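These notes are about the structure you will find just below.
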Amino acid sequence: MNSILYKKQLSAEVFQMRIEAPLIARERRAGQFVILQIDSQFGERIPLTIADADPDEGSITVIFQTVGRTTHLLALKEVGDTVEHLVGPLGQPTHVEKFGRVICVGGGIGVAPLYPIAQAMKAAGNEVIIIMGARNQELLILEEEMKNIADELIICTDDGSYGRKDLVTAPLKEFCEATPKPDLAVAIGPPIMMKFCAETTRPYGIHTMVSLNTIMVDGTGMCGGCRVTVGSETKFVCVDGPEFDGHLVDFDNMMNRLKAFKWREDTDHHRCHLEEAIEEAGKR
Amino acid sequence: MNDIMHRTKEQLTEDARLELAGLTKPLSPKQRLAIPAQEMPAQDPVVRRGNMQEVALGYSEEQARLEAERCLHCPAKPCIKGCPVGIEIPAFIQEIAKGDFKAAIGIIRQSSLLPAVCGRVCPQETQCQAPCTVGKALKSVDKAVSIGRLERFVADWERENGLMQPPAVKPATGKKVGIVGSGPASITVAADVRREGHEVTVFEAFHRPGGVLLYGIPEFRLPKAIVDQEVNSLKSMGVEVKTDFVIGRTRKLTDLLEKDGYDALFIGTGAGLPKFMNIEGENLVGVFSANEYLTRANLMKGYDPRAATPVFPSRKVAVLGGGNVAMDAARSALRLGAEEVHLLYRRTEVEMPARVEEVAHAKEEGVIFHLLQSPKRILSDERGWVSGMEVLHYELGEPDSSGRRRPVEIKGSEFEMDVDTVIVAIGNEPNPLVRQTTPGLETSKWGTLIVDDSGKTSLDRIFAGGDIVLGAATVILAMGEGRRAAASINKLLAEK
Ligand SMILES: Cc1cc2nc3c(=O)[nH]c(=O)nc-3n(C[C@H](O)[C@H](O)[C@H](O)COP(=O)(O)OP(=O)(O)OC[C@H]3O[C@@H](n4cnc5c(N)ncnc54)[C@H](O)[C@@H]3O)c2cc1C
Ligand SMILES: Cc1cc2nc3c(=O)[nH]c(=O)nc-3n(C[C@H](O)[C@H](O)[C@H](O)COP(=O)(O)OP(=O)(O)OC[C@H]3O[C@@H](n4cnc5c(N)ncnc54)[C@H](O)[C@@H]3O)c2cc1C
Ligand code: SF4
Ligand code: SF4
Ligand code: FES
């Protein structure tokens with residue numbers, strides 16, 4: 001079970017994998033995620049969006065960036081290896097209907113979770129405009145896939161190495177001012193990017209959906225570790241989300257909560273454990 | 001801390017040996033009442049707050065036999081009525097006194113499936129030991145016959161001597177039963193239904209089976225090896241355990257019946273949804289539900305440096321609540337390196353729902369109790385991390401509808417408490433996932449599933465029990481509910 005069927009490196013730090021998971025592939029809908037764990041004894045449970053699924057083959061696709069221990073260990077796995085634990089599909093599916101003109105904004109690795117949503121929006125008959133951003137050309141992912149579904153595709157890089165030299169909020173603002181006005185915006189990326197996308201659309205009253213990537217443990221509503229403040233309410237991202245109204249999310253609080261365990265990733269002790277673990281896995 | 005008073009298992013055993021040797025049989029009731037109640041040997045509090053090993057070490061054979069002699073064999077057997085599953089208590093105690101531990105465990109096993117667990121975690125002082133005649137005669141429930149400890153003793157004796165035998169399984173019936181969750185209710189149903197020859201599959205959302213016994217109750221109170229053994233015993237009976245399987249997400253409940261050929265289902269999903277206080281500052285960095293804190297520590301092995309899942313580095317911890325969950329969180333925080341752990345409870349110690357033994361252990365280990373206090377808000381530093389709490393004093397007012405005196409805040413009594421971590425342990429509710437994904441499943445206003453006398457829900461062929469029906473309750477009640485539902489399922493399948 002859970003064996004890796006296909007692996008591809010998309011950029012320096014980003015990998016794509018197709019993993020055998022027939023039950024999840026059958027049930028999943030756009031917007032949902034899985035939690036996976038490598039090493040049943042001591043491994044961490046981490047959430048990853050289901051970027052695509054093939055119910056016929058019985059597989060799901062994940063696209064992930066190597067940021068810490070688990071994502072690094074996952075990147076070292078090869079076709080034929082298995083992921084010890086994989087559970088899903090979790091979270092509420094995206095609400096997809098014919099809205100009209102939908103602007104999808106993706107930043108960095110956020111393009112991966114955006115892809116299935118953009119795909120579903122297109123399939124529902126929407127006009128889909130896609131804005132993708134990355135630090136540089138090297139880090140851009142899924143350009144071909146997005147091009148295939150977008151009615152219009154705009155690419156921004158921070159350093160201007162490809163596409164426009166701009167932040168994604170710049171073209172987003174232009175679309176908000178243009179006619180016809182977008183009926184919906186979907187923004188997925190680093191929290192700071194989602195925060196500013198929401199600020200950009202707010203004055204125009206364009207409903208803006210964001211997908212939050214809080215820290216999670218169980219992913220089923222049991223721990224409350226993933227909680228965020230939305231409006232005046234506390235919500236659990238794993239069961240109430242991951243998608244929320246970007247105009248109501250308290251992003252500052254969310255960004256703080258993401259840093260709760262940052263001390264650990266930063267300590268030498270942890271780094272050295274991480275390197276050991278990666279080296280050991282590499283030898284196998 | 002009474003570390004000077006601390007007596008080792010060897011010392012307690014030696015005392016018991018001498019006492020046993022001095023008994024002249026037959027014993028009169030008066031003589032029995034004069035036998036000293038046997039203290040549970042435990043790790044030294046100073047040592048144990050620095051390790052995860054089990055605190056209570058279990059009676060020695062000598063202590064168990066001596067404690068068993070304290071039972072008066074009352075004709076009315078009031079203790080049995082106090083046990084939710086009706087174990088034949090005087091009968092098994094008599095076997096212990098005789099030294100026939102095998103017979104003793106045999107008697108317990110007729111009524112209970114998880115004696116090693118219940119002997120450790122049952123709130124005995126409010127169940128079997130509450131009506132015990134010995135306790136009444138000596139005017140203290142603490143002096144009642146230690147039924148739980150004796151139960152634990154024979155269960156451990158059985159396991160340590162490799163005598164645990166999975167129940168025999170009848171020939172295959174071709175019927176299939178699905179069980180959702182793998183806590184004590186589900187473990188019980190799995191064993192009882194499998195015995196009858198039905199095929200059984202257990203679906204568990206987590207990566208390891210065991211429910212709260214695994215992710216909630218800490219290692220130092222219930223070693224995980226005991227839970228694993230119970231699960232392995234199920235597997236050796238041929239029960240299939242599917243982990244990483246969330247009913248309602250990976251598969252809908254109704255699909256199991258309609259598409260996957262299951263003949264009956266049992267829902268034992270527990271009460272896993274943490275309650276918060278809804279006070280200011282509850283989403284600051286450093287505020288955790290007890291569920292999260294304990295899951296990181298237990299299931300994810302946060303206490304082990306090899307674990308990838310981090311636990312928050314705390315200096316001063318406040319735990320809010322007065323139940324077993326609060327005690328477990330407080331004692332875990334000490335073991336994870338906190339310098340100070342404060343426990344705040346709105347009422348007094350008398351009203352605390354935690355087991356008496358857990359409260360005593362927490363105090364011995366140095367948890368600082370603040371009774372009649374509760375936070376008004378949690379304070380933030382400039383980075384959005386917990387920097388303290390504003391706390392209010394309470395007093396007990398008029399009794400409320402449940403008969404408990406209601407805590408009333410004392411106006412103007414606010415003061416600040418310096419803490420960097422807050423663990424909220426004020427209770428759990430049922431997780432709504434199965435209910436939300438199963439149309440027609442009737443629930444109460446608290447979100448618990450409604451079942452009839454047979455344990456059946458509002459839907460045909462779907463049964464439920466444990467915390468999902470009772471609200472956060474106890475292991476033994478979950479097991480009792482499991483037995484009832486299993487009997488109904490077996491009856492249903494026999495008729496079909
Ligand atoms: C619903 C959801 C969907 C997600 N989908 C994807 C996806 O499709 N692709 C992808 O690459 N990532 C995704 N993430 C983020 C991913 O879960 C984290 O990158 C991962 O947990 C890091 O694990 P690690 O062990 O490699 O790193 P760790 O060692 O745990 O952490 C490394 C660094 O990442 C930060 N971090 C930890 N957890 C998270 C988190 N949940 N989100 C953001 N930063 C975090 C830490 O503070 C630290 O700085 C998603 C998160 C959520 C909640
Ligand atoms: C910290 C703590 C300490 C406690 N201490 C004591 C004590 O000392 N004595 C005592 O008697 N009781 C104690 N209790 C209470 C006791 O543990 C519970 O009453 C008991 O475990 C309930 O058993 P259950 O079988 O109903 O469910 P649980 O043990 O809660 O198990 C439910 C299982 O179902 C799984 N699940 C939930 N939803 C799904 C789904 N949709 N699909 C698949 N699986 C699912 C969960 O992951 C979990 O593993 C304590 C509880 C806690 C939290
Ligand atoms: S199961 Fe619990 S209540 Fe019953 S006899 Fe054992 S310890 Fe007492
Ligand atoms: S009530 Fe106490 S003394 Fe009487 S039979 Fe039960 S355990 Fe023995
Ligand atoms: S991850 Fe535990 S409640 Fe959401």
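Some notes on this structure:
- Apolar share of the accessible surface for chain B: 51 percent from carbon plus sulfur atoms, 1.4 Å probe.
- Near the amide H of residue B:203, within less than 5 Å, lie the amide hydrogens of B:179, B:180, B:181, B:242, all on another chain or at least 5 residues away, with H placed in the peptide plane.
- Length-normalised contact order of region A:2-90 in % [C-alpha pairs under 8 Å, at least 6 apart]: 39 percent
- Sum of side-chain charges, residue A:11 neighbourhood, beta-carbon under 15 Å (Lys, Arg +1; Asp, Glu -1): -4
- Accessible area of residue B:443 (1.4 Å probe, protein heavy atoms only, ligands and nucleic acids ignored): about 50 Å².
- Take the accessible area of A alone and of B alone, subtract that of the pair with a 1.4 Å probe, and the total buried over both chains is about 3800 Å².
- Taking every protein chain into account, the 1.4 Å probe leaves residue B:363 with about 90 Å² of accessible area, to the nearest ten.
- For residue B:176, the aspartates and glutamates whose Cα comes closer than 18 Å to its Cα, not counting residues fewer than 8 places off in the same chain, are B:192, B:196, B:199, B:204, B:240, B:255, B:258, B:260, B:263, B:460, B:495.
- Note, ³J(HN,Hα) from phi for region A:64-79, Karplus 6.51, -1.76, 1.60, rounded to Hz, x at Gly and Pro: 9, 9, 7, 10, x, 4, 5, 5, 5, 5, 5, 5, 7, 6, 10, 3
- The base-10 log of I(q)/I(0) for the protein assembly as shown, evaluated at q = 0.08, 0.09 Å⁻¹, reads -0.73, -0.91 [Debye formula, identical scatterers on Cα atoms, solvent excluded].
- Taking θ as phi - 60° and the Karplus parameters 6.51, -1.76 and 1.60, the scalar couplings of region B:266-273 work out to 10, 9, x, 8, x, 10, x, 9 Hz in sequence order, x denoting glycine and proline.
- Cβ-placed point charges (K, R +1; D, E -1), dipole of the protein assembly as shown about Cα centre in debye, nearest 20: 2020 debye
- Modelled spin-label separation between residue A:207 and residue B:408, with each label point placed 7 Å from Cα along the Cα-to-Cβ direction: 4.9 nm.
- What a 1.4 Å probe finds exposed on chain A is 49% carbon and sulfur by accessible area, rounded to a whole percent.
- Amide H contacts under 5 Å for residue A:209, placed H, 5+ residues apart: A:185, A:186, A:187, A:246
- Cross-link partners of residue B:175 among lysines, defined as those whose alpha carbon lies under 27 angstrom from its own and excluding same-chain residues fewer than eight positions apart: B:235, B:242, B:252, B:259, B:456, B:491, B:496.
- Close lysine pairs were tallied over chain A: pairs 8 or more places apart or on different chains with Cα atoms under 14 Å apart number 7.
- All other residues whose Cβ lies under 13 angstrom from that of residue B:162 are scored, Lys and Arg at +1 and Asp and Glu at -1, for a net of -1.
- Other residues within the sphere of radius under 9 Å centred on the Cβ of residue B:393, judged by their own Cβ, net out at -3 (K and R +1, D and E -1).
- The calculated FRET efficiency for residue B:25 paired with residue B:51, based on their beta-carbon distance and R0 = 41 Å, is about 0.50.
- Cross-link partners of residue B:98 among aspartates and glutamates (Cα-Cα below 13 Å; sequence separation of 8 or more within a chain): B:61, B:62, B:67, B:69
- Label-to-label distance for residue B:173 and residue B:229 is 3.0 nm, based on points extended 7 Å past Cα in the beta-carbon direction.
- Two tests apply to each whole DSSP H helix in chain B, Cα reach of 20 Å or more along its axis and mean Kyte-Doolittle hydropathy of at least -0.5, and the ones passing both are B:475-495.
- Distant-in-sequence amide contacts of residue B:216, defined by a placed amide H-H separation under 5 Å and a gap of 5 or more residues or a different chain, comprise nothing.
- Taking chain A and dividing mean pair separation by its residue count, relative contact order in percent (alpha carbons under 8 Å, at least six apart): 16 percent
- Couplings 3J(HN,Hα) of region B:275-286, computed from phi: 8, 10, 8, 6, 10, 4, x, 6, 9, 5, 6, x Hz, in residue order, whole Hz [Karplus 6.51 cos²θ - 1.76 cosθ + 1.60, θ = phi - 60°; x for Gly and Pro].
- Charge-dipole axis of the protein assembly as shown as Lys and Arg at +1 and Asp and Glu at -1 on Cβ define it, positive-most pick from B:385, B:42, A:16: B:42
- Solvent-accessible area per residue for region B:413-465 (1.4 angstrom probe, square angstrom): 46 Å²
- Cα centroid of region A:124-189 to Cα centroid of region A:32-76, whole Å: 26 Å
- Taking all protein chains as they are arranged and a probe of 1.4 Å, the heavy atoms of residue A:99 leave approximately 60 Å² accessible to solvent.
The values are calculated or read from the model by the stated rules, or taken from the named source; none is laboratory data. Small disclaimer: the values here were computed from a predicted structure and weren't measured. For neighbour counting, all protein chains shown are included, and Cβ atoms are generated from backbone atoms with ideal geometry for every residue, glycine included. Keep in mind that these areas ignore ligands, DNA and RNA; they rest on the heavy atoms of the full protein, side chains included. Shrake-Rupley method; radii C 1.70, N 1.55, O 1.52, S 1.80 Å.
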